[in-house]
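**Student:** First the structure, which I've put down as structure tokens, then a few questions once you've had a look.
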Amino acid sequence: MSDPIRGSGPKIISVANQKGGVGKTTTAINLAAALVEEGVRVLVVDLDPQGNASTGLGVETAERQFNTYDLLLGEADLKDVIQFIDDEGMAIIPATVDLSSADIELMSNEKRSFLLYDALRQPAMDEFDWDYVLIDCPPSLNLLTVNAMVASDSVLIPLQSEFFALEGLSQLMLTVREVRQTANPKLRIEGVVLTMFDKRNNLSQQVEEDARANLGEIVFNTKIPRNVRVSEAPSFAQPVLQYDPLSKGAEAYRALAREVLDKHLGIDA
């Protein structure tokens, strides 16, 4: 299966939205888990200084001696920063609060926007044979997010099904366009996924109508419901697919994974 976006290597997807609390990290770790269930190998890159994706996949703070900050600076080997979550094909490069100072510390680096690009394309990556790399971006449009977009084939945008959901999305789209024009001309929008959706709520339905009217086909058919099991899973350091495999949240992320895979099969055909 050839990929016209990149000649070889994994498909790299940034999960990004500068608004916090939209289900960004939840989507990153649960989409990763759902893709692994489909038989593909997935690496999660935690690029958020809060390190929630790392915590949500069971990597304790004390176990993050080598992390994405070291990866960006080239101060650790790839084999040292990657931590395997299970035997099924999922791993993570964890994050620590060290990333919070990255914007300032990397500003003088001439290649500051390409550090993650270079790190994820080093020859050592080939040994792991990843199919997908999912980057959990920080909730801001800073240098870390730009690094993620420069390194990625596409951007997946979680959109909370609440009032003012579409506000701020234009700024994110503008950032994607700027990165496309200046550093990564092949960057595209993977899609927009509606999160925290409540089909009983008129507001959620209105947000969906507005999103589809304004964004068209880039909005995924799958909607992630507001589901208590999804909310509980991180406190048990598990994706919801492991915490409660039969929950509506788990089924929704499985559907999203199939939609992503089907889209890529169509691109690669």
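The values are calculated or read from the model by the stated rules, or taken from the named source; none is laboratory data. The structure presented is a predicted model; accordingly, all values stated were derived computationally and were not measured. Here the Cβ is made from the backbone with ideal geometry for all residues, glycine too, and neighbour counts use every protein chain on show. All accessible areas refer to the heavy atoms of the entire protein, side chains included, with ligands and DNA or RNA removed. Shrake-Rupley method; radii C 1.70, N 1.55, O 1.52, S 1.80 Å.
**Student:** Which longest uninterrupted range of the chain lacks any chymotrypsin sites (Phe, Trp or Tyr not before Pro) assigned by DSSP to a loop state (not H, G, I, E or B) and surrounded by at most 13 other Cβ atoms within 10 Å?
**Tutor:** Working: sites that count: 163, 164.
After excluding every exposed loop site, the longest remaining stretch is 1-162.
**Student:** Still on this structure, please answer the following. What is the sum of charges, Lys and Arg at +1 and Asp and Glu at -1, for the other residues whose Cβ falls under 14 Å from the Cβ of residue 122? Before the final figure, lay out each step's value.
**Tutor:** On the way: positive: 79, 111, 121; negative: 70, 75, 77, 80, 118, 126, 127.
So the surrounding residues net to -4.
**Student:** What figure in square angstrom, to the nearest 10, would you give for the accessible area of residue 244 with a 1.4 Å probe?
**Tutor:** 40 Å²
**Student:** Given contacts defined as C-alpha pairs under 8 Å and at least six residues apart, what's the relative contact order of the chain, whole-number percent?
**Tutor:** Working: 510 pairs, mean separation 71.1, N = 269.
Normalised by residue count, the contact order of the chain is 26 percent.
**Student:** At 24 Å minimum axial length over the Cα atoms and a Kyte-Doolittle cut of 0.5, report the qualifying DSSP H helices in the chain, or say none.
**Tutor:** On the way: long enough: 248-268 (30 Å, -0.42).
Helices meeting the span and hydropathy rule in the chain: none at all.
**Student:** Also, quick follow-up: Roughly how many Å is it from the Cα centre of region 132-175 to that of region 246-265, as a whole number?
**Tutor:** For region 132-175 versus region 246-265, the Cα centre distance is 20 Å.
**Student:** Among residues other than residue 109 whose Cβ falls under 14 Å from its Cβ, what is the net charge (Lys/Arg +1, Asp/Glu -1)?
**Tutor:** Combined, the nearby Lys, Arg, Asp and Glu give -3.
**Student:** Can I ask one more? Find out how many positive minus negative residues lie around residue 194, taking Lys and Arg as positive, Asp and Glu as negative, among other residues whose Cβ is under 12 Å from that of residue 194. Write down the numbers at each step before the final one.
**Tutor:** Values: positive: 199, 212, 223, 226; negative: 162, 198, 208, 209, 210.
Result for the neighbourhood of residue 194: -1.
**Student:** Quick one: grab the alpha carbon gyration tensor of region 143-246, order the square roots of its eigenvalues as a ≥ b ≥ c, and give me rounded if a/c is under 1.5, else prolate or oblate depending on whether a/b is larger than b/c. Provide the component values of the computation, followed by the final result.
**Tutor:** Numbers: a/c = 2.44, a/b = 1.37, b/c = 1.78.
Verdict is oblate for region 143-246.
**Student:** Which FRET efficiency value, to the nearest 0.05, is calculated for residue 73 and residue 171 with the Förster distance at 25 angstrom and r the Cβ-Cβ distance?
**Tutor:** Working: r = 28 Å, r/R0 = 1.13.
That pair, residue 73 with residue 171, gives E of 0.30.
**Student:** Output the relative contact order of region 137-210, whole-number percent, from Cα pairs under 8 angstrom with separation of 6+ residues.
**Tutor:** Reported as a whole number, the value is 39 percent.
**Student:** Here is a further query. Structure shown: which of 19/223; 11/199; 24/248; 111/186; 24/111 lie over 25 Å apart, alpha-carbon to alpha-carbon? Mind dumping the intermediate values first?
**Tutor:** Working: 19/223 18 Å; 11/199 32 Å; 24/248 18 Å; 111/186 19 Å; 24/111 27 Å.
Where the Cα-Cα span goes over 25 Å, the pairs concerned are 11/199; 24/111.
**Student:** For the chain, rounded, prolate or oblate, judged on the Cα gyration tensor with a ≥ b ≥ c (square roots of eigenvalues), a/c < 1.5 rounded, else prolate if a/b > b/c? List each step's numbers first, then the result.
**Tutor:** Working: a/c = 1.41, a/b = 1.24, b/c = 1.14.
Rounded is the answer for the chain, as its axis ratio a/c remains below 1.5.
**Student:** Would you look at the GNM of the chain, springs on alpha carbons closer than 10 Å, and say which of 161, 170, 204 moves the most?
**Tutor:** Comparing 161, 170, 204 in the GNM, the peak value goes to 170.
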